[in-house]
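Presented below is the structure to which this report refers.
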Amino acid sequence: MKIASVKGFHDVLPGESARWTWIEQRSRDLLGRYGYSEIRLPIVERTELFSRSIGDTTDIVEKEMYTFDDRDGSLLTLRPEGTAALVRAYVEHAIAQREPISKLYYLGPMFRREKPQKGRQRQFHQIGVEVIGRDDAAIDAEVLLLLHDLMGALHIRQPRIELNSLGCSNCRPAYRDVLRAYGEARRASLCENCARRLERNPLRLLDCKVATCRDATADAPVMLDHLDSACKQHFDAVRAVLDRETVPYALSPRMVRGLDYYCRTAFEVVAEGLGSQNAVGGGGRYDGLVKELGGPDAPGIGFALGVERLVLSMADHPEALPLPPDIFLAPLGSAAEAETMHAAHRWRHDGLRVEMGSGGRSLKSQMRFADKTAAPFVLIVGEDEVAAGAATVRDMQAKKDFPKAVALIADGTALRQALAQLAASGEEKKAESGGAAS
Ligand code: AMP
């Protein structure tokens, strides 16, 4: 009996996985240039870490976490996001004492029991970055520049940054009261979730997806009109850097990011190719979180990108495809197979990408396999070639054979040179005969 994978949990198959690797490598490279170091965090944390940090009136904590009893009475959860876990590690290892400003990134799976659809899985993967220890507008701007540059480096189609400020503990409470009163006056038209959360989390009104809720709150007051002067100055300074660096963005006053811990700068990045789940990433500032989780009063800011959505929204790019082998070896018979095995081992050691057929297969079947791998050269080794100690090279593009053209004892460098020469002579022939070689 076949056993299927779990709903919302996906395999990443060869071919697609090359895009993942490419995304990870490009991201790591850029993050390094911006001064970030990687932190590797566990997948399981204590449940209270998330209920305390993300907020117990959020969708994630209310209904999406994979939580289980660890058979000793303790409740554990598969992490639904990375920030809380990263801050937990930051506090636990007293990282603040070693480095007052930390720039960290993480990569890996997250788990949320959401309704699966295009761009929404129950296991998904994030690349996340966090800066802890700075609260100035310049670092918020730098984080946004990094986000913008990542979109470019990953060839994301038509990325658009949406920006908002969520105020701070000084100005937000008064705004929440205004919004709560606004919601109370329309309680009868609100969806069940918004009505229930109105008391504790009125900001949810602004990003509720239910159409009747949206209509009823179309003219709701927004935080941007209620920032105190320090928050306004901070926000203006962030925008000034983006303008100077010509990073395009749109103000999005109703974007509240859902989680309790955000303050001041909040943002999302949306892109083409994603359908209704069009955010590839999001983040913001979280100045109270480190203290809330038992650490020093250190401010933080960060964002997370969803890798599955990056894959969906990236433009086709040849570098992100699986690399073909440099050469394909086709031995004919067991003596030839032993010789090619030996040569392949050396050439791989010398840095070449080598694929090899089976000596028991016909040349025709091996050539079919070689064709599929898209190797530019096939080295055919039959009895004659073994006796001569040299392989016949087939230039797959020019469709031309060069009998016993490369020595089986050649090292990787010599082999590369020989193949380059053969390819050039194939080209010459083609030019002489007006391309008739093909
Ligand atoms: P969030 O932590 O909800 O702000 O998510 C940040 C990013 O992670 C989103 O913009 C998505 O790209 C990705 N993401 C969040 N939830 C899911 C999910 N269920 N499936 C796939 N990607 C997700």
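Tabulated results
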{"item": "Kirkwood Rh in Å, taken over segment 309-351 so that all alpha-carbon pairs contribute", "result": "13.3 Å"}
{"item": "Solvent exposure ordering (accessible area, 1.4 Å, most first) of 226, 234, 342", "result": "342, 226, 234"}
{"item": "Overall form of the chain per C-alpha gyration tensor (a/c, 1.5; a/b vs b/c)", "result": "prolate"}
{"item": "Per residue accessible area of the chain, 1.4 Å probe, in Å²", "result": "49 Å²"}
{"item": "Inter-part distance where segment 85-112 and segment 277-352 are each reduced to a Cα centre, Å", "result": "22 Å"}
{"item": "Cα Rg, Dmax (largest Cα-Cα span) when computed across segment 228-280, Å", "result": "13.2, 39"}
{"item": "Hz values of 3J(HN,Hα) by residue in segment 22-30 - Karplus curve (6.51, -1.76, 1.60), Gly and Pro given as x", "result": "4, 4, 5, 5, 4, 5, 4, 4, 5"}
{"item": "Residue order for 26, 160, 361, 285 - accessible surface, 1.4 angstrom probe, largest first", "result": "361, 160, 26, 285"}
{"item": "Angle between the chain longest axis and helix 412-432 axis [Cα atoms, degrees, rounded to 10]", "result": "80 degrees"}
{"item": "Relative contact order computed over the chain (Cα-Cα under 8 Å; 6+ residues apart), in percent", "result": "15 percent"}
{"item": "Projected label distance in nm at residue 158 and residue 33, using a 7 Å step from Cα toward the beta-carbon", "result": "2.6 nm"}
{"item": "With DNA, RNA and ligands ignored, accessible area of residue 386 (1.4 Å probe; Å², nearest 10)", "result": "50 Å²"}
{"item": "For segment 323-423: rounded, prolate or oblate by the Cα gyration tensor [a/c cutoff 1.5]", "result": "rounded"}
{"item": "Karplus-derived 3J(HN,Hα), 6.51/-1.76/1.60, for each residue of segment 32-37, Hz, glycine and proline x", "result": "x, 5, 8, x, 8, 10"}
{"item": "Segment 323-423 - share of DSSP beta bridges that are antiparallel (%, nearest 5)", "result": "55 percent"}
{"item": "Residue among 62, 355, 308 with the largest mean-square fluctuation in a Gaussian network model of the chain, springs linking Cα atoms under 10 Å", "result": "355"}
{"item": "Using a Förster distance of 22 Å, the FRET efficiency for residue 71-residue 6 (Cβ separation, nearest 0.05)", "result": "0.55"}
{"item": "Anisotropy class of segment 12-106 from Cα gyration tensor, a/c 1.5 cut", "result": "oblate"}
{"item": "Accessible carbon and sulfur surface of the chain relative to its total accessible area, %, 1.4 Å", "result": "50 percent"}
{"item": "Bridge type composition, the chain - antiparallel percent by DSSP, nearest 5", "result": "80 percent"}
{"item": "Within straight-line cross-link reach of residue 291, lysines at Cα separation under 22 Å, skipping those fewer than 8 residues along the same chain", "result": "103"}
{"item": "On Cα atoms only, tilt of 363-373 relative to the major axis of the chain in degrees", "result": "30 degrees"}
{"item": "Radius 14 Å from Cβ of residue 308, net charge of other residues (Lys, Arg +1; Asp, Glu -1)", "result": "+2"}
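The values are calculated or read from the model by the stated rules, or taken from the named source; none is laboratory data. Source: prediction; values computed, not measured. When we count neighbours, we look across all protein chains shown, and the Cβ atoms used for this are built from the backbone with ideal geometry, even at glycine. Only protein heavy atoms, including side chains, enter the accessible area calculation; ligands, DNA and RNA are left aside. Shrake-Rupley method; radii C 1.70, N 1.55, O 1.52, S 1.80 Å.
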